[in-house]
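Trainee: Handing you this structure, nothing more for now.
The values are calculated or read from the model by the stated rules, or taken from the named source; none is laboratory data. Predicted model only: the values in this text are computed from it and were never measured. Because the Cβ atoms are built from the backbone with ideal geometry, glycine has one as well, and the counts that use them run over all protein chains shown.
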Amino acid sequence: MKLNTQQIQELYKFTRQHYVEHYDVQTELVDHLANDIEHIWENKPNLTFEQARDKSFKKFGVCGFMDIVDERTKALEKKYWKLVWQVFKQFFKLPQIIFTITLTIVLYQLFKAFPQKATFAIISAIILITIIIRLIFLQRQKRKRFSETNKKWLLEDSIYRLGNLLLFLNVFFQISILQTRNLESTTMLLVATFLYTTVILIVYITAFILPSKIENILENQHPEYNFVTNR
Amino acid sequence: MENQKLYKGSLQTIILKLLEENDKMYGYEITQRTKEITNGELNITEGALYPALHKLEAEGTLEVEVVSIGNRMRKYYKLTEQGTKETANRLAEMKEFLKTMQHIVNPKLSLE
């Protein structure tokens, strides 16, 4: 006996009730449960849909779908940073490298020309404010997308959260805004310049480039995406 | 079952080996096929299988393909080029491991 469309929809609802928010994870679990329910019915055809479903769900153990969701989130976080790395590498190839070199020179000149302490603090503050403004904007965009499609995707979450960038940059901001000493040696100043260049590039990639390519990324990384958007 | 613990560390290798033999497979199929091959001795749990699959996918060892099966979607996993090489390495490691275990468990036999 095969499951009908209504029962498949029931299974999607069932995964949502068990804290699986994202459509890509739901889809895989729905197919798994459906296969197992059909298998159970082969041996025990008298069981109702709900009984067979619960029997199948028990096999996932006491944590239910939680472990799977956690691991999937971790795996996609990794994938997200791989995407960032791919774009980052492009900034060291022509023509983007011209932008990278210009940025480095401008920053170095700024650090040399103005009082360092204030320059570090002001540039860091600008970066921080940019991230916050983008995060607010992207959260709005995310809500809008969800209200239109009623589906969430794990990678979409990472993109709109900028892969928890603020958490990673926390130490950088603390040091750069609160630091009190000037960097005497040219070497140290160069190190600081490269660090700032890297941070600015990463912010540009995570807060601007990746969100602008979200459709493309989801199509490539979530094969289910093409099915539901009928592309 | 206590011996399930022994299999746990080899889960990824088992998945890779199965995928090497069967072009593409979906999660449920992997659990069933393993049961079938091992006469029910090895039972891959759902809670262990999917995290392993997702990890291998994130590493670039596996790639996925979604196919519409009637009223639902099915996610198939298959080896990438990198995955095929990885499988060969893992299987070689596994053979070494089995050989070493053989020396420990059955020293007489290994002298031959």
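Trainee: Taking region A:64-81 only, how many residues are at the interface with another protein chain (Cβ under 7 Å from one of its Cβ atoms) and farther than 18 Å from A:Gly163 by Cβ?
Mentor: Residues flagged as at the interface with another protein chain (Cβ under 7 Å from one of its Cβ atoms) and farther than 18 Å from A:Gly163 by Cβ within region A:64-81 amount to 2.
For (1) assigned by TED's automatic domain parsing to the domain that holds A:Gly163; (2) aromatic (Phe, Trp, Tyr); (3) without any contact (Cβ under 8 Å) to a residue 40 or more places away in the chain, each residue gets a yes or a no:
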| residue | (1), (2), (3) |
| --- | --- |
| A:Gln90 | yes, no, yes |
| A:Ile97 | yes, no, yes |
| A:Leu103 | yes, no, no |
| A:Phe120 | yes, yes, no |
| A:Ile129 | yes, no, yes |
| A:Ile133 | yes, no, yes |
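Trainee: Consider A:Lys89 carefully, then state whether it is within 21 Å of the chain's Cα centre (by Cα), closer than 30 Å to A:Thr119 by Cβ, surrounded by fewer than 19 Cβ atoms within 10 Å (Cβ to Cβ) and more than 14 Å from chain B (Cβ to nearest Cβ).
Mentor: So A:Lys89 fits the description; yes.
Trainee: So if I check each of B:Met101, B:Met73, which one is aliphatic (A, V, I, L, M) and within 21 Å of A:Glu38 (Cα to Cα)?
Mentor: From the options B:Met101, B:Met73, the qualifying one is B:Met73.
Trainee: With surrounded by 14 or more Cβ atoms within 10 Å (Cβ to Cβ) and more than 11 Å from chain A (Cβ to nearest Cβ) as the only criterion, which of B:Gly60, B:Gly83, B:Gly27 stands out?
Mentor: The match here is B:Gly83.
Trainee: Further question: As an exercise: evaluate A:Asn4 against (1) more than 16 Å from B:Tyr50 (Cα to Cα); (2) in contact with a helix residue (DSSP H, G or I) (Cβ under 7 Å, 6 or more places away or on another chain); (3) within 12 Å of another protein chain (Cβ to nearest Cβ) and give the number of the one condition it does not meet.
Mentor: It is condition (2) that A:Asn4 fails.
Trainee: What number of residues within region A:37-62 are more than 21 Å from A:Tyr23 (Cβ to Cβ) and among the hydrophobic types (A, V, I, L, M, F, W, C)?
Mentor: Qualifying residue count, region A:37-62: 6.
Trainee: Here's a follow-up. So if I check each of A:Val25, A:Val20, A:Val30, which one is more than 10 Å from every other protein chain (Cβ to nearest Cβ) and buried (at least 21 other Cβ atoms within 10 Å of the Cβ)?
Mentor: Testing whether each residue is more than 10 Å from every other protein chain (Cβ to nearest Cβ) and buried (at least 21 other Cβ atoms within 10 Å of the Cβ) leaves just A:Val20.
Trainee: Sticking with this one: A:Ile40 versus (1) crowded, with 18+ Cβ neighbours inside 10 Å; (2) within 14 Å of chain B (Cβ to nearest Cβ): which is the lone unmet condition?
Mentor: In the conditions (1) crowded, with 18+ Cβ neighbours inside 10 Å; (2) within 14 Å of chain B (Cβ to nearest Cβ), A:Ile40 misses (1) alone.
Trainee: From A:Lys82, A:Lys112, grab the single residue that is surrounded by fewer than 18 Cβ atoms within 10 Å (Cβ to Cβ), without any contact (Cβ under 8 Å) to a residue 12 or more places away in the chain and farther than 30 Å from A:Phe14 by Cα.
Mentor: Every option except A:Lys82 fails the conditions.
Trainee: Are any residues in region B:63-80 of a type outside the set (Lys, Arg), more than 7 Å from chain A (Cβ to nearest Cβ) and in contact (Cβ under 8 Å) with a residue 24 or more places away in the chain, and if so, which ones?
Mentor: B:Tyr76, B:Tyr77, B:Leu79
Trainee: Looking at region A:161-172, can you tell me whether even one residue there is at pLDDT 90 or above, among the aliphatic types (A, V, I, L, M) and touching a Phe, Trp or Tyr at 6+ places or on another chain (Cβ under 7 Å)?
Mentor: Within region A:161-172, not a single residue is at pLDDT 90 or above, among the aliphatic types (A, V, I, L, M) and touching a Phe, Trp or Tyr at 6+ places or on another chain (Cβ under 7 Å).
Trainee: Name the residue that is nearest to B:Glu46 (Cα to Cα), counting only residues in region B:7-33 that are touching a Phe, Trp or Tyr at 6+ places or on another chain (Cβ under 7 Å) and outside any helix (DSSP H, G or I).
Mentor: This residue is B:Tyr26.
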